[in-house]
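I have placed the structure first, in the form of structure tokens, so that the comments after it can refer back to it.
The values are calculated or read from the model by the stated rules, or taken from the named source; none is laboratory data. Note that the structure is predicted; figures quoted are calculated from it, not measured. Neighbour counts are summed over all protein chains in view; Cβ atoms, including those assigned to glycine, are modelled from backbone coordinates with ideal geometry. Side chains are part of the model used for accessible areas, which takes the heavy atoms of the whole protein and leaves out ligands, DNA and RNA. Shrake-Rupley method; radii C 1.70, N 1.55, O 1.52, S 1.80 Å.
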Amino acid sequence: MVAEILCVGTELLLGQVLNTDAQFLSRQLSEMGIELYRIETVGDNPGRVRQSVRAALERCDLLITTGGLGPTEDDLTKEMVAEELGLEMEEDAASMARLNEMYAAWGRKMPENNVKQAWFPRGAHILKNARGTAPGCAVEVDGKIVIVLPGPPYELTHMFTEEAVPYLRNKLGYKIESRFIRTIEIGESDLEMQLRDMIDRQTNVTIATYCSLGEAQVRLTVKCPMGDDPAKYLDPVEAEIRERLGKYIYAIGETDMPHVVVGLLKRAGRSVALAESCTGGKIADWLVDVPGVSEVLVEGHVTYSNISKERTLGVRHDTLEKYTAVSEQVAREMAEGLHELSGADYCLSVTGIAGPGGGTPETPVGLVYIGLKTPRGTQVEKFNFTGDRYRVRSLAALRALNMLRKALTDIDEVTISD
């Protein structure tokens, strides 16, 4: 199946909104084994939208549109799709009822122009919108499929995953399953070299490497008949990769470092507290994104200034004077002072220079010390990160969580699967 994506919205052409919809859909289609040939962006102009729909349907089997489902006059994507396919628009009673229920729950009268959000091309399969007022739809004519999705990413991602994916899978006759092997402390180029021969001889299970900030992933993908079990193809390849990469693997599946760490803390029945300087609360933010973290996170402190390190964590003034705030000694006292303050089983501390200014030859930008107080003692690691302020802070947060992960597992080979 060959697909194209048509993104509708003048705001995209003006650069006022980042087009994350296209990135999300591209990845989803790839994982489903659907070939994406083209992505086009067009403004909120009825004639241009219809022209783009016509041209796309001459080239592809599946067209996915984003945007243009709102209540205003320039939201005409459904209407242009219907015109191009020669279909009348008609009201969907269930969608209209839901709109009325939503506005009643909000205690507001539904504006007259919202009514158009419950109208669709005749015969369309309605895609429910659990996060907004605009449902989407799927229309199939002469072997061509058009899936119409809302523009807001919060609405689109949920609708595509929960509504459009099951619809499309019924059309494919096969299934695609991917499995991610997540690694840290190894670069993408080194990762690929470790797997080069496996990549060269790959057959039904394809192997691809990806790099993200501070870590790298291996994606295994298999295409098999609907009734087949993908695991019988994926498991042997995963086993060989595990044998080769060993300690670099920290998780299997659609997860990330914060989820892994919270899972390990819960499994061990342990707690954690945080003392952050250069990361400015980033570690706490990442952990709080994980549901159920309240079971394990005791507290977090942003001790950015020297006085706050002294007052909150009990870092000695003499230590700061002698070694400076960015030092192994201060990271150690931060972690140990945090333990006295919080009583948490594991106490992480981070101090460093994120830049772009403030560095010296002795303490350059990117220098970071991470301390970790555990039931077995205190350890401090030194890092020299490169890049801008965002990169340094993010890498520091990631490596801090990785230190905690390794302390919780005791051995590097232990991993978590989602």
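Values for this structure:
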| quantity | calculated |
| --- | --- |
| Filter result (open to solvent by less than 60 Å² (accessible area, probe 1.4 Å), in contact (Cβ under 8 Å) with a residue 24 or more places away in the chain and among the β-branched types (Val, Ile, Thr)) within segment 295-327 | Val296, Thr303, Thr312, Val326 |
| Wholly within segment 205-294, strands (runs of 3 or more DSSP E) carrying at least 3 residues that are closer than 26 Å to Ile176 by Cα and either in contact (Cβ under 8 Å) with a residue 24 or more places away in the chain or open to solvent by 20 Å² or more (accessible area, probe 1.4 Å) (or both) | 205-212, 215-225, 249-252 |
| Subset of segment 159-185 (residues that are surrounded by fewer than 17 Cβ atoms within 10 Å (Cβ to Cβ), outside any strand (DSSP E or B) and either of a type outside the set (D, E, K, R) or under 16 Å from the mean Cα position of the chain (by Cα) (or both)) | Thr161, Val165, Pro166, Tyr167, Asn170, Leu172, Gly173 |
| Boolean, Glu362 is among the acidic types (Asp, Glu), touching a residue at least 60 places away in the same chain (Cβ under 8 Å) and within 20 Å of Val392 (Cα to Cα) | no |
| Residues within segment 136-158 that are without any contact (Cβ under 8 Å) to a residue 60 or more places away in the chain, in contact with a helix residue (DSSP H, G or I) (Cβ under 6 Å, 6 or more places away or on another chain) and in a loop (DSSP other than H, G, I, E, B), tallied | 0 |
| Among the residues listed as Arg179, Arg242, the single one being over 30 Å from Val392 (Cβ atoms), charged (D, E, K, R) and touching a helix residue (DSSP H, G or I) at 6+ places or on another chain (Cβ under 6 Å) | Arg179 |
| Residue in segment 125-140 that is at pLDDT 95 or above, more than 33 Å from the chain's Cα centre (by Cα) and of a type outside the set (Phe, Trp, Tyr) present | no |
